[in-house]
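Comments concern the structure below.
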Amino acid sequence: MCLAGLVVAIRADDPAIRTLMLRAFTPFSATSSGDPDARLDLRFEPAAIWIDGSPEPRADVAGDVIRVEHRDFVGVIGAEGTQLVAVVPRDVLSIENALRVLYALLLIRHDGLLLHAAGVVREPGATVLFGRSGSGKTTAARLARGRPVLGDDLVALRRGPSGWCAHATPFGGLAARRRRARSAPLRELFRLRQGPAFEARPLAAARGVAELLQSAVLPAALPADRVLALERCGALLAEVGVQELVFPLDNGLWRWLDERDR
Amino acid sequence: MSATAEGARPRRDPSAAWRVVDGEVVMVLPSTGKVHTLNAVGTRFWELVDGERTVAEIAGQMADEFDAPADRIAADCQVFAAELSERGLLVW
């Protein structure tokens, strides 16, 4: 699998899980002869071992490994974040959650960030709208009719030789998994907020970094990861900028953004 | 040791992730992962916490730098140090 240029080699001992994987993540599948950036070893467990009902995974450092508990999988990640052994049921969503954790860790270590955001290609680049649950990400993506959507909940950002790019992710259910694995140069970053009228305004630097950081996916509460995330958010602020976008829930969002650029 | 104990020399919790952005600290609380920002005054206090100065010494330096009444700055610094301690950001 390849996401944001990062290749994860996936191995599954269960034929049914292999079939699920191949069907579910086809747009993001990749063949690579080189060394992968990480490995995911999926082990089938039919028993109902999942007891944690929280939407976000819990991660604890135990010696040289990170132990991850999610509502539908448990896993162990090497401290360097490049190998995840996950015990999963035969369920695509569980596999997706394991992949999401691994890619969040990978991205933070490879000049990137997995962000709770909607991403829409608006030539000449991608507009990324981030915010916490209920801020309007899904609505904003839904309103982008006819424009390529990179994500309506999670978008991968990664800095390359020519600057930051936004990348589609397969995370967020069936529609996300069917999305094309496309990328676009990151054009602008908006913190979304619903309000009575359209308005875009710059955020103070520290607040911009803080808002970005709050929307970053950091599955393991490792101090080193938090430092890296702070660096990434600081770089995004300096190199792309962060604005606040107030928008009412109506169809005019993307038209308003287009007109604002003219 | 409490934040108000005379002679105590607080240090920043080394597990707290933070950086100064345009003159203000952005930090992640080690215990909860929540993100906080400090204003310019809070940022200066945080910068001066080094394990070698007492809170009173930090307050004295800040009173000079901000040209503010020493007794008021001293009281504010004690309260702020206690708040940071409660959040696990200072080690005594």
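Points to keep in mind about this one:
- Cα principal axis extents for chain B, largest first, Å: 34, 32, 19
- A:ALA224-B:GLN78 pseudo-label distance in nm [points 7 Å out on the Cα-to-Cβ vector]: 4.2 nm
- For chain A, the mean projected area of the C-alpha convex hull, equal to one quarter of the hull surface, is 14.1 nm².
- Rounded to the nearest whole Hz, the Karplus-based 3J(HN,Hα) values (6.51 cos²θ - 1.76 cosθ + 1.60, θ = phi - 60°) of the stretch A:114-128 follow the sequence 9, 10, 5, 7, 9, x, 9, 7, 9, 3, x, x, 9, 9, 10, with x at glycine and proline.
- At an R0 of 25 angstrom, the distance between the Cβ atoms of B:VAL91 and A:SER133 translates into a FRET efficiency of 0.15.
- Inter-chain Cβ neighbour count for A:194-206, averaged per residue, equals 2 (cutoff 10 Å, partner chain atoms only).
- Simple spin-label estimate for A:ARG262 and B:VAL41 in nanometres, 7 Å along Cα-Cβ: 4.8 nm
- The distance linking the stretch A:157-214 with the stretch B:63-92 is 37 Å (Cα centroid to Cα centroid, whole angstrom).
- Each residue of the stretch B:14-24 was assigned a 3J(HN,Hα) from its phi angle through the Karplus curve 6.51 cos²θ - 1.76 cosθ + 1.60 (θ = phi - 60°); the sequence is x, 8, 7, 8, 7, 7, 8, 10, 6, x, 10 Hz, with glycine and proline shown as x.
- Burial ordering of A:ARG178, A:ARG262, A:ARG207, fewest other beta-carbon atoms within 10 Å first: A:ARG262, A:ARG178, A:ARG207
- Ranked A:CYS165, A:CYS2, A:CYS233, B:CYS77, criterion: other C-beta atoms within 10 Å, fewest first: A:CYS2, A:CYS165, B:CYS77, A:CYS233
- Helical content of chain A, expressed as a calculated mean residue ellipticity at 222 nm, amounts to -8500 deg cm²/dmol (DSSP H runs of 4 or more residues, -39,500 (n - 2.57) each, divided by residue number, nearest 500).
- Cα gyration tensor category, rounded, prolate or oblate, for the stretch A:9-162 with a/c compared to 1.5: prolate
- In the stretch A:112-261, the C-alpha radius of gyration followed by the widest Cα-Cα span (Dmax) gives 14.3, 43 angstrom.
- By the count of neighbouring beta-carbon atoms within 10 Å, fewest first, A:VAL155, A:VAL120, A:VAL76 end up ordered A:VAL76, A:VAL120, A:VAL155.
- Calculated from backbone phi, Karplus (6.51, -1.76, 1.60) coupling profile of the stretch A:60-69 in Hz, x at Gly/Pro: 10, 8, 10, x, 8, 10, 9, 9, 10, 10
- Our summary gives the stretch A:112-261 a relative contact order of 26 percent, counting only alpha carbon pairs under 8 angstrom and 6 or more residues apart.
- Span-rule helices in chain B, defined as complete DSSP H runs reaching 15 Å or more along the axis (Cα) with Kyte mean at least 1.6: none
- Using alpha-carbon coordinates, inclination of helix A:205-215 to the longest axis of chain A, degrees: 40 degrees
- Shielding value for B:14-24 is 6, the average number of Cβ atoms from other chains within 10 Å of each residue's Cβ.
- Backbone amide hydrogens, once placed in the peptide plane, bring B:LEU90 within less than 5 Å of B:ASP13, B:SER85, excluding anything fewer than 5 places away on its chain.
- Summarising the strand pairing of the stretch A:157-262, around 65 percent of its internal DSSP beta bridges are antiparallel.
Read the figures in this text as sums done on the coordinates, not as results from a lab. As the structure is a computational prediction, the values presented were derived from the model and not from experiment. Note that we place each Cβ from the backbone using ideal geometry, even for glycine, and neighbour counts take in every protein chain shown.
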